[in-house]
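These notes concern the structure reproduced below.
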Amino acid sequence: MTKAIRKVVILGGGTAGWLAAALTAKVLGSLVEIELVESDEIGIVGVGEATIPPIQQVNAVLGIAESDFLRETKATIKLAIRFENWGADGDCYYHTFGSAGRNTAFASFHHFWNRAHKLGFGGSYWDYDLNFLAAEAGRFAPTQGNDPIWDMPYAYHFDSALYGQFLRSYSEGLGVVRTEGMVAGVTRHSHTGDITSLELRDGRTVAGDLFIDCSGSRGVLIQQQLAVGYEDWGHWLPCDSAMAVPSERFDTTLPFTRAIARDAGWQWRIPLQHRNGNGLVYSSRHCSDEAAADVLLANLDTPALADPKIIRFQTGRARRQWSHNVVAVGLASGFLEPLESTSIYLIQSAIVRLLHLFPHHGVTAELVDEYNRQSQIEYEQIRDFIILHYHVNNRGSDGFWKDLREMEVPTRLAEKIALFRANGTLVQDQYDIFMEPSWVQVLMGQHVLPDDHHPLADGPSDAELQDQLEKLAAVKARPLPQLPDHDRWLQTQVHRAA
Ligand SMILES: Cc1cc2nc3c(=O)[nH]c(=O)nc-3n(C[C@H](O)[C@H](O)[C@H](O)COP(=O)(O)OP(=O)(O)OC[C@H]3O[C@@H](n4cnc5c(N)ncnc54)[C@H](O)[C@@H]3O)c2cc1C
């Protein structure tokens, strides 16, 4: 016997909890009542400052003006991630949100570029990518609405604490009730095993029909109560620790994240309006916390503003992200390290999936299975994309990087790399948020170049190809001189009337 969903209870007030509250309240309106329970004593993880372009869909659904968002969260623009030292020491390439050149119906631009590259002309692949050109020049203004060749997809870096507050006041404005308190136990239905209420340490009870577990890595409902189990991916992604430290703002606000490979992991640098976010992601088997602190603090661009904070994590996913009447979102559902800034996207995607499959007449096995099927595929695809960065490296002859280079990767990833190496083909998998341009940039940026190209790229003569590429590079770069400096553009936005 299923039970209609009239009341949704969210456990947790981190990014996952408040994003779940905001989107559910906005989309379902008065169809459900929403109560969010969080403990001030536990607090939130409080990192998570870089995003990918789908964050703009969240703002669009919530009806948030970009200038308000930038002002309230001290956000900056992110056009790309600059990967330094990944293929080998001294290397540098960008994974931009854009796409290079112009694709034809059957052969993507990289096939033509690859042929030219073998012939010795054509310059860098990134010379044909407006996101790259703008990122390097430190320029930005939205370009959408002109010819699609000049689309410049972008995301944001923001202060995660301010983002949480922003989402909280938005959600409370839509009627979400916040209850502060520590959940010490639950009551479960004697027949179905469903959770019927949260029991707070001070004796209060919060009853509900559907529970969204956003309690972070504790997984208070999905793991501690429902014990769904955890699939550990540490053998593919051995980093299990992070050390984060804020530092003074840099004079110029770069419109990209930096991800710098280090001996046993990598370092991030995220520029915000008021400070820089910095951190080192590392494998505790290969690097002590003391050594990690030395590396991090010796490689800050600006003076630190606080002591480094250590965060431990276990890469993997909850075996069932929806079980009974509990849906786990955010860190409670699993964790993939922040190399491609995908966690907030995974939160967004989980909530959108839940809203698509919303069990208004009650939870059914069909809805739960479909939700879990999609979540699993999505998690695995992002996992594989992250493994790719580590695997195709030429760094070091022993230790961390050698192990990763030589390890056996998931079959689907091995097939993808082999196919690309053979003739530049990439198959777009369903639910993979990373499209062909992303895979091409990481593969070629880390020196995996195709042996062959698509036959259509042999269409033009050598001279014609050279001429076409020169013209294309000039067309791509055309908007650049009109784009303002990133800092100047930010200032005009944040000073707009609220
Ligand atoms: C080092 C690092 C860097 C990251 N960088 C990025 C990034 O650049 N981009 C990105 O998208 N993501 C990033 N992430 C991920 C991002 O930080 C998280 O996805 C995000 O913060 C969501 O966390 P959460 O809300 O799931 O959990 P938390 O922030 O841990 O929140 C958990 C909530 O549950 C509550 N709670 C727990 N137990 C109880 C209880 N018993 N009773 C009451 N309340 C309880 C807590 O009080 C809190 O409110 C990063 C993560 C790490 C570790």
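The values are calculated or read from the model by the stated rules, or taken from the named source; none is laboratory data. This one's a predicted model, so the numbers in the text were calculated from it and none came from an experiment. In this analysis, Cβ positions are derived from the backbone assuming ideal geometry, glycine residues included, and neighbour counts consider all displayed protein chains. With ligands, DNA and RNA removed, areas are computed over all heavy atoms of the protein, side chains included. Shrake-Rupley method; radii C 1.70, N 1.55, O 1.52, S 1.80 Å.
General remarks:
- Of all residues making up the stretch 372-425, the number that are buried (at least 21 other Cβ atoms within 10 Å of the Cβ), within 20 Å of Ser349 (Cβ to Cβ) and more than 17 Å from the chain's Cα centre (by Cα): 0
- Index of the failed condition, Pro255 passing every other in (1) open to solvent by 20 Å² or more (accessible area, probe 1.4 Å); (2) part of a loop (DSSP other than H, G, I, E, B): (1)
- Of the criteria (1) open to solvent by 40 Å² or more (accessible area, probe 1.4 Å); (2) out of contact with any Lys or Arg (no Cβ under 9 Å at 6 or more places or on another chain); (3) away from the ligand (no atom under 14 Å from the Cβ); (4) closer than 30 Å to Leu490 by Cα, which one Lys309 fails: (3)
- Scoring Ile64 on the criteria (1) of a type in the set (Val, Ile, Thr); (2) in contact with a Ser or Thr (Cβ under 9 Å, 6 or more places away or on another chain); (3) part of a loop (DSSP other than H, G, I, E, B); (4) more than 11 Å from the ligand (Cβ to nearest atom) leaves a single failure, condition (2).
- Of everything in the stretch 70-110 that is of a type in the set (Ser, Thr, Tyr) and crowded, with 19+ Cβ neighbours inside 10 Å, the residue that is farthest from Glu340 (Cα to Cα) is Ser108.
- None of Ser171, Ser215 is of a type in the set (Gly, Ala, Ser) and open to solvent by less than 20 Å² (accessible area, probe 1.4 Å) except Ser171.
- Candidate set from the stretch 44-53 (those that are more than 6 Å from the ligand (Cβ to nearest atom) and open to solvent by 20 Å² or more (accessible area, probe 1.4 Å)); member that is nearest to Ala184 (Cα to Cα): Gly46
- For the stretch 265-292, a residue qualifies if it is among the small types (Gly, Ala, Ser) and either under 19 Å from the mean Cα position of the chain (by Cα) or within 15 Å of the ligand (Cβ to nearest atom) (or both), and the qualifying residues are Gly265, Gly277, Gly279, Ser283, Ser284, Ala292.
- Residues within the stretch 136-158 that are more than 27 Å from Asn103 (Cα to Cα) and either of a type in the set (Phe, Trp, Tyr) or open to solvent by 20 Å² or more (accessible area, probe 1.4 Å) (or both), tallied: 1
- Evaluation of Asp301 against the conditions (1) within 12 Å of the ligand (Cβ to nearest atom); (2) at pLDDT below 95; (3) not basic (Lys, Arg) shows that the sole unmet condition is (1).
- Candidates are the residues of the stretch 312-346 that are in a loop (DSSP other than H, G, I, E, B) and near the ligand (Cβ under 9 Å from one of its atoms); the one that is surrounded by the fewest Cβ atoms within 10 Å (Cβ to Cβ) is Phe313.
- Of the residues making up the stretch 218-238, those that are surrounded by fewer than 22 Cβ atoms within 10 Å (Cβ to Cβ) and near the ligand (Cβ under 9 Å from one of its atoms) are Arg218, Gln224.
- Top-ranked residue of the stretch 27-43 - restricted to ones that are near the ligand (Cβ under 8 Å from one of its atoms) and assigned to a loop (DSSP other than H, G, I, E, B), ranked as least open to solvent (accessible area, probe 1.4 Å): Ser39
- Selection status of Val9, surrounded by 17 or more Cβ atoms within 10 Å (Cβ to Cβ) and outside any helix (DSSP H, G or I): yes
- In the stretch 351-366, the qualifying residues are those that are modelled with pLDDT of 95 or more and open to solvent by less than 10 Å² (accessible area, probe 1.4 Å), and the one that is farthest from the ligand (Cβ to nearest atom) is Pro359.
- The stretch 199-208: number of residues that are in a loop (DSSP other than H, G, I, E, B) and open to solvent by less than 20 Å² (accessible area, probe 1.4 Å): 1
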